[in-house]
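Working notes for the structure below.
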Amino acid sequence: MQLYGPRYRQYARARLADERLCAEAVEQALDYLADGWDAVLRCPQPMAVCWVLLRQVVSDRCRRADRTDRLHRSLPDPAADAAVLRYRLGLELKSAAHLMGVEEWAVRADLRAAARMLDRG
């Protein structure tokens, strides 16, 4: 999972806007993953498990630091994550899907849902 550390840090930085909190969150997530790596590998979608764990750790840090971003306050987590990866970090659809451990169509659907919800909000 160290391979994904730089992308995980970009995501955490986009949400936390604090380098120390970002580094702590990613390190915590990677430590959790290392501790349960055998179980993660037995899951049908290991990357999705990794992503959900990262999101949970970063979201927890955001709440404790009172830094929850508008997207994650307004949208379901998958849609907010897709928007952060695609529009804030500039990842291609395929890269965002791979990082989140989902199919491209799921990210595309989340982005459409995000646009609809934000237009209404």
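Just so you know, all these numbers are worked out from the coordinates, no wet-lab data involved. Here the structure is a predicted model, which means the values were calculated and not measured. With ideal geometry, Cβ positions are generated from the backbone for all residues, glycine too; neighbour counts draw on all protein chains shown.
Given the options Ser74, Leu85, Leu118, identify the residue whose Cα lies farthest towards the positive end of the charge dipole of the stretch 2-120 (+1 on Cβ of Lys, Arg; -1 on Cβ of Asp, Glu).
Leu118
Report the Rg/Rh value for the chain, based on alpha-carbon coordinates and the Kirkwood definition of Rh.
Numbers: Rg = 13.8 Å, Rh = 14.5 Å.
When Rh is taken as the Kirkwood radius, the ratio is 0.96.
Run the quick spin-label model on Arg73 and Arg116: label points 7 Å from Cα toward the beta carbon, then report their separation in nm to one decimal.
2.4 nm
Taking θ as phi - 60°, what are the ³J(HN,Hα) couplings along the stretch 7-15 by the Karplus curve (6.51, -1.76, 1.60), each to the nearest whole Hz, with x for Gly and Pro?
5, 4, 5, 4, 4, 4, 5, 4, 8
Assuming R0 = 30 Å, what is the FRET efficiency of Asp66 and Arg9, from their Cβ-Cβ distance, to the nearest 0.05?
With a Förster radius of 30 Å, E is 0.90.
Compute the distance from the alpha-carbon center of the stretch 1-51 to that of the stretch 81-101, in whole Å.
Cα centroid of the stretch 1-51 versus Cα centroid of the stretch 81-101: 15 Å apart.
Can you tell me which of Ala97, Ala17, Ala29 moves the most in a GNM of the chain? Springs connect C-alpha atoms under 10 Å apart.
Comparing Ala97, Ala17, Ala29 in a Gaussian network model of the chain, the most mobile one is Ala17.
Based on Cβ point charges of +1 for Lys and Arg and -1 for Asp and Glu, what charge dipole magnitude is obtained for the chain about its Cα centre, in debye rounded to the nearest 20?
The dipole of the chain has a size of about 500 debye.
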